[in-house]
Amino acid sequence: MELFLARLFDGISSGATYAAIAVALVLIYKATTLINFAQGELAMLGTFVTYVIAVEQGLPVVVSLVLAMVATAVLAAVTERALIRPFDPSNHLPLVIITLGLFLLINALAGMIWGYDPRRFPGIFPADDLYTFGIARLRWYTVGTLVTVVVLLLLLSLLLRKTKIGLAFRAVSSNLESAGLVGVRAGPTLQFGWALAAAVGTLAGVLFVSDPVRQLDPNFAQRVLIFASAAAVLGGLDSLWGALAGGLALGLVESIVVGYVEWIPSQFGLATAVFVLIAVLIIRPEGLFGSKRVERV
Amino acid sequence: MSGTLVEGSSAHRTYRIVTWALFVALAVLVPFWAVQTPSFSIGSSTFTFSLSNLSHGVSYMVAVLGLGLLIGYNGQISLGNSFFMGLGAYITASLVVDNEWPYLLTLLVVIPFTFLVGMLVGIPALRIRGLYLALVTLGLAAVFPALVRHDQVSERTGGANGKRISSDLDAPSWLPLESIAETLAKIPLVGEWAFGEGRLGGREEGAIWVYLLLAAIAGIAFWLTRNLIYSRPGRSIIAIRDNETGAAVSGVNLSVTKTLTFGMSAALGGVAGTMYAMAVQFVAPDVFGVNLAIFLVVGLVVGGVGTLSGAVVGGLVIVFVPLWASQVESVPGVPERFLRGPTGSFFLGVLLIVLTFVLPGGVVYGARRLRSRLVRVQPSRGTAVPDDVIDVQEAAAEGLLSRHDPSRVSGL
């Protein structure tokens, strides 16, 4: 029972971070029906920026995080304007290629600047336990991550429902051409979506490496991206709360299924994520909470 | 000075035979030059061009070819060819080391196996399309290193340390490599400059032999793929890319064609893996990860999506851009420790983005446009030349990466 609780807590905390990156993917997908393959790397970059501001400049971690979120949001807005907007959104191939190029470029750039030695990240939550049940420790980190992601989702829902830019965003994501006809400027709205996604991604990256058992290196986001995209697809790629459900489900699958099922070795966490991804896409392509897409022939 | 050739005329035929002969001669003679590891210097940096890198590049050509068949001709955005390349490389490594098979014989296992696995992956790809397929196959590429590191297979795969293949490929004694090298060196004026003294040791002969073997395999792979594209199934493959519904209405069996294309693309990836094992004689898990999957896309885009010859350029780019990037000693204004990092991936990433903007058709289209200023091939009237059809197809392919698709009708 205690082992089960320990695995449950592990699953929740990593699931919440997958959910946070999945939210970033959902934001971009909602706006442009594009999966941003560079999302994980953008989050990694934001995490490194946070690290540099916090450790090398000595600012408080939370302040550094906010600064890094602003910085990556600006970077993403510029990227969207320069590299994404020139292309026809309905033609996927060039957009996939551009985001893959960004993936390679950002990953290599981080490797060139910061090297591959793992670094200890100053956590944003207290390192001790909130409560212990024998060997099962409910850590501040677990609770903090979950609460942060839920608050983030509440704020995002409010933003999308109550503000003008949120309304424009929903209009564009529902129908690009009709939104244009009623005077919504699609370009800046999508740019806003990219900036928002990058800021959310940075937060997610920082949450992920805030776990005292994890360390920061330029490759941490590759694995996270696969989990996050599986989570996003499981939840339904255009559903924000679905991303949370999907993320938690994936985190629990990783820690509980891989932990208990004997014949799945522990290195296969990633493989189970890919398996979930394939299974969802075959059985229920719209995910748990996504809206069904009807194709016109 | 631009000449015009009428398609099918004898002048056109001569032109084609001469250009092909020049290409084959270049491909056969280049190892005798590269075996001396020629180098050139810019500033304080020295860039090398070695035969082993060239052989390595030839193996990537076939992998890019396989990816191009799937993305460029069939329109399925799959990124998983590094997975099949890894599969092929590991099967070859294991059979050669543990079962003492000769390298080429392993192709008899690699080709059917990767073809079948490719078909298995291709079946879900019938329902998973576009971006989702790209996502799933990227996941597949990410999983491969963990698969070969897994405890139950690590005895055969060498686990995290990789597997060294000690079996050497020695040039057969009937092949007079040494005397060819001597003859080449005696060519007046350029002989000694290009081919050195013409003396080859056992290792050099072996390296040339490996290159020639790989070039022959690559030649066969390209020839078969070209025949496939020009054939009736090839037209079905292309029709699916251009308009899936239209293809289905015209009687193309979508699921069979797509699954088979997936299998063939995977088999080409597997062959590329065997070639990689022959060229490098060492396989390691992290070689065949996400980065390679993206490198293959870079090779495809640099060469030209929807062309076959682009894969030749692409394979070389994947090897030589990172190699030369790592040989840069100093760049004004850039800290030296940056240059010791993964500059190769950085340049390939930049190249991928820049080319998509500047030359979406890739190097091959750029070269064709240049060539058309010198030689213009005029289609002869009244003859149904298959090249004609292909030209139209390639014009469509050039639009694959275009920023605005003029033929797209807004779906209202």
Selection over region B:209-238 where residues are aliphatic (A, V, I, L, M) and either in contact with a Lys or Arg (Cβ under 7 Å, 6 or more places away or on another chain) or more than 18 Å from B:GLY66 (Cβ to Cβ) (or both) yields a count of 3
Region B:131-246: helices (runs of 4 or more DSSP H) wholly inside it with 1 or more residues that are of a type outside the set (Val, Ile, Thr) and buried (at least 18 other Cβ atoms within 10 Å of the Cβ) are B:177-185, B:191-195, B:202-230, B:232-242
Hey, A:LEU277 within 14 Å of chain B (Cβ to nearest Cβ), at pLDDT 85 or above and out of contact with any Phe, Trp or Tyr (no Cβ under 8 Å at 6 or more places or on another chain) or not = yes
Here the qualifying pairs (Cβ atoms under 6 Å; residues six or more apart or on different chains; first in region B:235-246 and within 11 Å of chain A (Cβ to nearest Cβ); second open to solvent by less than 30 Å² (accessible area, probe 1.4 Å)) come out as B:ARG241/B:ASN74
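Among the candidates A:ARG139, A:ARG120, A:ARG170, single out the residue that is open to solvent by 20 Å² or more (accessible area, probe 1.4 Å), away from every other protein chain (no Cβ under 14 Å), in contact with a strand residue (DSSP E or B) (Cβ under 6 Å, 6 or more places away or on another chain) and among the basic types (Lys, Arg).
Details: A:ARG120 fails: in contact with a strand residue (DSSP E or B) (Cβ under 6 Å, 6 or more places away or on another chain); A:ARG170 fails: in contact with a strand residue (DSSP E or B) (Cβ under 6 Å, 6 or more places away or on another chain).
Exactly one of A:ARG139, A:ARG120, A:ARG170 is open to solvent by 20 Å² or more (accessible area, probe 1.4 Å), away from every other protein chain (no Cβ under 14 Å), in contact with a strand residue (DSSP E or B) (Cβ under 6 Å, 6 or more places away or on another chain) and among the basic types (Lys, Arg), namely A:ARG139.
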*On the given criteria, is A:VAL52 among the aliphatic types (A, V, I, L, M), within 14 Å of chain B (Cβ to nearest Cβ) and open to solvent by 10 Å² or more (accessible area, probe 1.4 Å)?*
no
The helices (runs of 4 or more DSSP H) lying entirely within region B:302-376 that contain at least 1 residues which are in contact (Cβ under 8 Å) with a residue 40 or more places away in the chain are B:310-326, B:343-358, B:362-374
Within region A:79-104, restricting to residues that are aliphatic (A, V, I, L, M) and over 13 Å from A:LEU42 (Cα atoms), the one that is most open to solvent (accessible area, probe 1.4 Å) is A:ALA82
When region B:323-345 is checked residue by residue, the ones that are facing chain A (nearest Cβ under 10 Å) and closer than 28 Å to B:VAL30 by Cβ are B:ALA325, B:THR343, B:GLY344, B:SER345
Practice prompt. Can you confirm whether region B:47-57 contains a residue that is surrounded by fewer than 24 Cβ atoms within 10 Å (Cβ to Cβ), in contact (Cβ under 8 Å) with a residue 60 or more places away in the chain and at positive phi?
Written response: no
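Yes/no matrix, rows are residues, columns are (1) at positive phi; (2) over 22 Å from the mean Cα position of the chain (by Cα):
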{"site": "A:ALA108", "(1), (2)": "no, no"}
{"site": "A:GLY115", "(1), (2)": "yes, yes"}
{"site": "A:THR142", "(1), (2)": "no, no"}
{"site": "A:VAL147", "(1), (2)": "no, no"}
{"site": "A:VAL150", "(1), (2)": "no, no"}
{"site": "A:ALA186", "(1), (2)": "no, yes"}
{"site": "A:GLY193", "(1), (2)": "no, no"}
Of those in region B:352-363 that are in contact with a Gly (Cβ under 8 Å, 6 or more places away or on another chain) and more than 8 Å from every other protein chain (Cβ to nearest Cβ), the residue modelled with the lowest pLDDT is B:GLY361
Picked from region A:1-28 (must be open to solvent by 20 Å² or more (accessible area, probe 1.4 Å) and not aliphatic (A, V, I, L, M)), the residue modelled with the lowest pLDDT is A:GLU2
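The values are calculated or read from the model by the stated rules, or taken from the named source; none is laboratory data. Quick caveat, the model's predicted, so the values are computed rather than measured. Ideal geometry is used to build each Cβ from the backbone, glycine not excepted, and the neighbour counts take in all protein chains shown. For the accessible areas, the whole protein counts, side chains as well, though only heavy atoms, and no ligand, DNA or RNA atoms are used. Shrake-Rupley method; radii C 1.70, N 1.55, O 1.52, S 1.80 Å.
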